[in-house]
Amino acid sequence: MPTRTKPGRNGRPRTRTDGTTGVGETVLANGLKLLTLERHDVPIVTVMIWYRVGSAREEEGRTGLAHFLEHLMFKGTDRYKKGEIDRLTQRLGATNNAMTSRDCTCYYFNLPAGDWLPALEIEANRMRRCRFPPGEVELERSVVLEEIGRNEDSPYGALDTAVFAAAYSTHPYRHPILGWRDDLAGVRRGAIREFYDRHYHPSNAFVVMAGDFATPQAVQAVERLFARIPPGPRPDRPVRTESRAKGEKRVAVRMDVQVPKVQILFRTVPGNHADDRVLDVVASLLSDGRSSLLFRRLVEERRLMTDVDTVNDTKVEDGVFWIYGTIHPEVHPDRGVDEVVRCLERIATQGPSVRALAQAKNQSEADFLYNWEKVFNQAYLVGKSELLGDLDRLGRYTKDVQSVTAADVRRVVSEYLGPDRMTVGLLLPERRCASGAPARSPSMNPVRARRSAGGPDARREPEVVALLRQGRS
């Protein structure tokens, strides 16, 4: 397991390296952590800086600030003028981007080996030296509001927003990552500056580097560039909990779609909980491949759905498990949902077969190892594990997955994926009058989308990658 390191007696950072994963860990005196993972088979380096602030750390009435700030971080500092970061990146033959989730904001560069230093220089500068010119704030506000508008017209975004809002009553996960339109339209520049000053500090951030570089040189550069930045306010990150009310919740959205879609959300466990790995196996068991339980039952045998998938969506405070699919055009959506419930109840009582469980564990392990092959994914997985407070999980993930038993599966499905714990979202075609015009009942008015879906790796990865970037240069 990685050894947690602190500065030495002389205040200089020390680095320890995990013998299993090769991840080096260095902590500066101001609290900034550097995580390094060397590999020298490809001439690429990924540099990331993660801030432990996402939409879940926003105040009521000020939603969307984390994502708005992500856009504004490219609009100029005391050193880099608007567009200069992108131009420098292009000259290096590199790429840059950023992403915001409910739990974090992350800025990253993919660079040729030997050219990684400018990425650290940029991030050290804009950690505390962003300007937020009033004109740029208003221009970028328009960009973000357009982004919200696109999602207001997106059936999948509408359903996603409706399901999250129904699943959580008080927890800030209920808010869309992009924020609510009225909040973004009215937020003042001073509130943006206040949010930046509160969260963008070494004590609330960590740097991840993966690829073809030497750790001693990286440590030296990070120390030189970041060590003089004051640590900033002590992060206040209490874990918020919301009791899971018993009973099914259901929402429906009517929009211009041809066939019904269903999304079922189950609230589960934080990402550092041991059952999170069991839920990975359950996801594979349910929907990976034509022989998986839900695909075989819902698509091939009963012909209730034309496709079905599951994702264990890991989060810091309260993970969610998704089941989503397309209802067969001639089938009432309730029949599909009812069959999902029956399949889950069967697993909770009978458990999986020996063969099915082995296949699911092997598939979960294979998915992890496949993702681990790419430099960017390695940096991302290291960062995500640190964010979850469980960096050790990388070294033990395959062992944890292979140790999952049928009893574990029965227990977890029974405890977290029961019908009294699910939120069902239905995306339904618009009703039409004889004239062909839409006709909506008051109870089925569309819940407008305010979040874009997606992320760097999967449909349910909880990141909104900023569109790079209309009007940024």
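Which pairs turn up if I take residues in region 370-395 that are without any contact (Cβ under 8 Å) to a residue 12 or more places away in the chain and surrounded by 18 or more Cβ atoms within 10 Å (Cβ to Cβ) and look for partners that are of a type outside the set (F, W, Y) and in a loop (DSSP other than H, G, I, E, B) with beta carbon separation below 7 Å, at least 6 apart in sequence or on another chain?
Partner pairs satisfying both residue conditions: S385/L391.
G135: assigned to a helix (DSSP H, G or I) and farther than 30 Å from V269 by Cα, yes or no?
Yes, satisfied.
Of the residues that sit in region 325-342 and are at pLDDT 95 or above and among the acidic types (D, E), which one is nearest to L428 (Cα to Cα)?
By that ranking, first place goes to D334.
Filtering region 146-165 down to residues that are surrounded by fewer than 16 Cβ atoms within 10 Å (Cβ to Cβ) and in contact with a helix residue (DSSP H, G or I) (Cβ under 9 Å, 6 or more places away or on another chain), which residue is nearest to E194 (Cα to Cα)? Working first, answer last.
Kept after step one, since they are surrounded by fewer than 16 Cβ atoms within 10 Å (Cβ to Cβ), are these residues of region 146-165: 146, 149-150, 153.
Next, only the ones that are in contact with a helix residue (DSSP H, G or I) (Cβ under 9 Å, 6 or more places away or on another chain) stay: 149-150.
Values: G149: 26, R150: 28 Å.
Among them, the one singled out is G149.
Kindly provide the set of residues from region 269-318 that are surrounded by fewer than 23 Cβ atoms within 10 Å (Cβ to Cβ), in contact with a Phe, Trp or Tyr (Cβ under 9 Å, 6 or more places away or on another chain) and acidic (D, E), ordered by number.
D275, D288, D307, D309, D313, E317, D318
With (1) touching a helix residue (DSSP H, G or I) at 6+ places or on another chain (Cβ under 7 Å); (2) buried (at least 24 other Cβ atoms within 10 Å of the Cβ) as the list, and T95 as the residue in question, which single condition is left unmet?
Of the numbered conditions (1) touching a helix residue (DSSP H, G or I) at 6+ places or on another chain (Cβ under 7 Å); (2) buried (at least 24 other Cβ atoms within 10 Å of the Cβ), the odd one out for T95 is (2).
Which of the following residues is part of a helix (DSSP H, G or I) and over 19 Å from R128 (Cα atoms): A66, A56?
Working: A66 fails: over 19 Å from R128 (Cα atoms).
From the options A66, A56, the qualifying one is A56.
Only residues that are among the acidic types (D, E) and in a strand (DSSP E or B): list them for region 308-335, please. First the steps, then the outcome.
Here is the first cut: in region 308-335, the ones among the acidic types (D, E) are 309, 313, 317-318, 330, 334.
Matches in region 308-335: D309, D313.
Anything in region 388-412 that is outside any loop (DSSP other than H, G, I, E, B) and in contact with a Pro (Cβ under 8 Å, 6 or more places away or on another chain)? List them, or say none. Step through it out loud before you land on a result.
From region 388-412, those outside any loop (DSSP other than H, G, I, E, B) are 393-402, 406-412; that's our starting set.
G395, A406, V409, listed by residue number.
Pairs under 8 Å by beta carbon, first residue closer than 8 Å to E70 by Cα in region 91-106, partner of a type in the set (S, T, Y), six or more apart or different chains?
Correct list of pairs: A98/T105; A98/Y107; A98/Y108; M99/T105; M99/Y108; T100/S55; T105/Y51.
Quick one: which of D280, D318 is charged (D, E, K, R) and closer than 30 Å to R198 by Cβ? Step through it out loud before you land on a result.
Values: D280 fails: closer than 30 Å to R198 by Cβ.
Checking each option against the conditions leaves just D318.
Checking K75 against (1) of a type in the set (D, E, K, R); (2) under 18 Å from R193 (Cβ atoms); (3) at pLDDT below 95: exactly one of these is not met. Which one?
Condition not satisfied by K75: (3).
Kindly establish whether P202 is modelled with pLDDT of 95 or more, more than 20 Å from E58 (Cα to Cα), in contact with a Gly (Cβ under 6 Å, 6 or more places away or on another chain) and not assigned by TED's automatic domain parsing to the domain that holds V375.
Working: modelled with pLDDT of 95 or more: yes; more than 20 Å from E58 (Cα to Cα): no; in contact with a Gly (Cβ under 6 Å, 6 or more places away or on another chain): yes; not assigned by TED's automatic domain parsing to the domain that holds V375: yes.
Judged against the criteria, P202 is not a match.
Check L279, L298 and return the single one that is at pLDDT 95 or above and either within 15 Å of D338 (Cα to Cα) or touching a Cys at 6+ places or on another chain (Cβ under 7 Å) (or both). Break it down stepwise before answering.
Numbers: L279 fails: either within 15 Å of D338 (Cα to Cα) or touching a Cys at 6+ places or on another chain (Cβ under 7 Å) (or both).
Answer to the selection: L298.
The values are calculated or read from the model by the stated rules, or taken from the named source; none is laboratory data. Just so you know, these numbers come straight off a predicted model, no measurement behind them. We place every Cβ from the backbone using ideal geometry, glycine too, and count neighbours over all the protein chains shown.
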